[in-house]
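Asks: Following this message is one structure expressed as structure tokens.
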Amino acid sequence: EADHRVKNIFANFHSIVALSARSSRTPQEMAKALRGRMDALLRAKDLIRPGIMGTEHDSERTTVDALVRTVLQPYEDGSSRIVISGPSVPVGAKAVTGLALALHETATNAAKYGALSRATGSIHVKWEADRYDFHLEWDETGGPAIEGKPQAKGFGSILTERTVTSELRGKIDHDWRSIGLRLRLSVPLERLAV
């Protein structure tokens, strides 16, 4: 089990490096992007303490609230630009990496191109869970006007989509409204809990 976990970690790193290399224009840009992604993973992993021998304990879980707050913490400036709300929903040791990457990439894009790129911009992240599924909505307003769906997908969008659909077996939808991006993702609760 420990060997399997280490291989999964290196597979994630390999994927992040390969995709970052393709989307970066300079070595400095690639280095900065990689540091940000790795820092986000480390902050997310600090929320849990995975067992070395593969045994599950309650300490190997965190909550969506703690994960969202941890990933968005670098973007907090003491104002009410970032609002989060939702019930306590557990996230397991295996799912935390995928969800953290998806949130980090969305936040990075918001800082570069969306609501967090302007002082007037704000983000509201809310979630809920029904009997079978977890639903999260990321709603940006106050950023630059959006003139429609981007012509090409950037690294962050590709990584987020791949993570949500492949690793978490979920769905993700982007609504490119003129007032800001609204992203919705749904993940089966059983996938989120592992």
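The values are calculated or read from the model by the stated rules, or taken from the named source; none is laboratory data. The structure displayed is predicted, hence computed values, not measured ones. Glycine gets a Cβ as well: all are built from the backbone with ideal geometry, and neighbour counts include every protein chain shown. The area values use the complete protein model at the heavy-atom level, side chains included, leaving out ligands, DNA and RNA. Shrake-Rupley method; radii C 1.70, N 1.55, O 1.52, S 1.80 Å.
Asks: Once neighbouring chains are kept in place and the probe is 1.4 Å, which whole percent of the accessible area of region 57-98 is contributed by carbon and sulfur?
Replies: For region 57-98, the apolar C and S fraction of the accessible surface comes to 50 percent.
Asks: Only sites in a loop by DSSP and with at most 10 other Cβ atoms within 10 Å count here; which trypsin sites (Lys or Arg not before Pro) in region 92-160 make the cut?
Replies: Numbers: sites: Lys94, Lys112, Arg118, Lys126, Arg131, Lys153; in loops: Lys94, Arg118, Arg131, Lys153.
Taking region 92-160 and a limit of 10 other Cβ atoms within 10 Å, the loop trypsin sites (Lys or Arg not before Pro) found are Arg131.
Asks: Let me have the relative contact order for region 73-166, percent, based on Cα pairs under 8 Å that are six or more residues apart.
Replies: It rounds to 33 percent for region 73-166.
Asks: Something else: Beyond a 19 Å Cα-Cα separation, which of these cross-linked pairs lie in this structure: Lys126/Lys171; Lys112/Lys153; Lys94/Lys153?
Replies: Where the Cα-Cα span goes over 19 Å, the pairs concerned are Lys94/Lys153.
Asks: Additional query: With r as the distance between the Cβ atoms of Ala31 and His124 and R0 = 30 Å, compute the FRET efficiency 1/(1 + (r/R0)^6) and round to 0.05.
Replies: 0.40
Asks: Another one. Can you tell me the order of 77-85, 169-177 when each peptide is scored by its average per-residue count of other Cβ atoms within 10 angstrom, highest first?
Replies: Details: 77-85: 11.8, 169-177: 15.4.
Answer by packing, highest mean first, reads 169-177, 77-85.
Asks: Now for a different question. Quick one: plug the Kirkwood hydrodynamic radius of region 79-166 (C-alpha pairs) into Stokes-Einstein at 10 °C, 1.306 mPa s, and report D in µm²/s. Working shown, then result.
Replies: Numbers: Rh = 14.3 Å.
The Stokes-Einstein estimate is 111 µm²/s.
Asks: Restricting attention to region 111-192, which GluC sites (Glu not before Pro) occupy a DSSP loop and are surrounded by at most 15 other Cβ atoms within 10 Å?
Replies: When the GluC sites (Glu not before Pro) of region 111-192 are filtered for loop state and at most 15 Cβ neighbours within 10 Å, Glu147 remain.
Asks: On to the next question. Measuring with a 1.4 Å probe in the full set of protein chains, what accessible area per residue, in whole Å², belongs to region 54-177?
Replies: 50 Å²
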